[in-house]
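Heads up: the structure comes next, in structure tokens.
The values are calculated or read from the model by the stated rules, or taken from the named source; none is laboratory data. This one's a predicted model, so the numbers in the text were calculated from it and none came from an experiment. Counting neighbours? That spans all protein chains shown, and the Cβs are built from the backbone with ideal geometry, glycine included.
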Amino acid sequence: MAHRPLPWTRKRRSWEALFCNAPTWPIMNLRGRDFLEVTDLTGHELDHLLGLSMKLKRERRLRDDLKGKSLAMLFAKTSTRTRVSFEVAMTQLGGHAINLKWDETNFVKGDIEDESRVMSRYCDAIMARLYVHGHMKRIARASDKPVINGLDDDHHPCQALADLMTIMEAKGRLEGLKVGWIGDSTNVFTSLSQAADLTGMETVIAAPEGYEPKIKTKALVVHDPREAAKDSDVLATDTWVSLGQESQKEKRMRDFKGYTIDSHMLGLAKPDAIVLHCLPAQRGYEITSEILDSPRCLAFEEAENRLHTAKALLLSLI
């Protein structure tokens, strides 16, 4: 499907102006689809999900669309924002969420496909937060219900939805903006850069040699963080030591020295640039406390938007 920009993606049109004149926003029928990475959506579908997310945030009311529906939440990794946002989302939509730790289920000793088939017979959707993207795909292939990638080592598409929503709220548009990424090419970077490709944003990532993106997008890869920061509309970063990389901590701390979003780096961006961080942050490393706690950093708005985008996703898929 071709990318047909919705009205609020055009330059100089704020999303607030649209919603003042649009009392309703239809739910797009994506029922039965999986959301394993951003590229599972077309640009038009992505636009529509963001519009629905903003409507849900604006109305802030309890709904019963998912009354009687259940979401299985499967966690191989620790979680704060993903677990809470999806559980609260299901509650506010009238449904129910079940929290399952990977090592407390028979996924640890049974066949992934068999366990997934059983889960899909009990529940209306599965949200999984795993290490291996291949395991995510195996669950999706075996399940006849929608599977949502709550994070794996390669992708974090749910975070990208919240990132785009936060940028839209601050800038009123996406197309033509420059996103400067400083630091490791994490799963969050991959999903954000895929989303940027779909929405017409430019992405420049500055990472040390050996830490360049493994998944190809249109992002420009540089090694000088000042080049990524220069004239950016959005500065973004993530932890230097992701889950499962703890044994590499000392080396990574050395290798990423100088790749910190601080007042100097922010000063290279546009005067109205915003800063994003998916959290949790390691203060003083990838970002200073001065920047994280400043009005120009929207990390906590970004975290809140995980809830509204989760609701939009669940309403569309289930």
Discussion item. Among the residues in the range 72-81, are any closer than 21 Å to E301 by Cα, of a type in the set (A, V, I, L, M, F, W, C) and at pLDDT 95 or above?
Written reply: no
Worksheet item: When you go through (1) over 25 Å from T309 (Cα atoms); (2) hydrophobic (A, V, I, L, M, F, W, C); (3) surrounded by fewer than 22 Cβ atoms within 10 Å (Cβ to Cβ) one by one for F107, which number turns out not to apply?
Response: (3)
Item to complete: Looking for whichever is without any contact (Cβ under 8 Å) to a residue 60 or more places away in the chain, out of contact with any Lys or Arg (no Cβ under 6 Å at 6 or more places or on another chain) and among the charged types (D, E, K, R) here; the options are D153, D224, D197. Which one fits?
Response: D224
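So, C123, is that one within 14 Å of V188 (Cα to Cα), of a type outside the set (G, A, S) and modelled with pLDDT of 95 or more or not?
Criteria not met by C123.
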Worksheet item: In the range 145-157, is there at least one residue being within 25 Å of E246 (Cα to Cα), among the basic types (K, R) and at pLDDT 95 or above?
Response: no
Worksheet item: Here are I261, I274: which of them is within 21 Å of E212 (Cβ to Cβ) and touching a residue at least 40 places away in the same chain (Cβ under 8 Å)?
Response: I261
Worksheet item: With respect to W181, is the statement that it is of a type in the set (A, V, I, L, M, F, W, C), touching a residue at least 24 places away in the same chain (Cβ under 8 Å), in contact with a strand residue (DSSP E or B) (Cβ under 8 Å, 6 or more places away or on another chain) and assigned by TED's automatic domain parsing to the domain that holds D47 true?
Response: no
Fill in: Search result, residues across the range 93-150 that are out of contact with any Lys or Arg (no Cβ under 9 Å at 6 or more places or on another chain) and among the hydroxyl-bearing types (S, T, Y)
T105, Y122
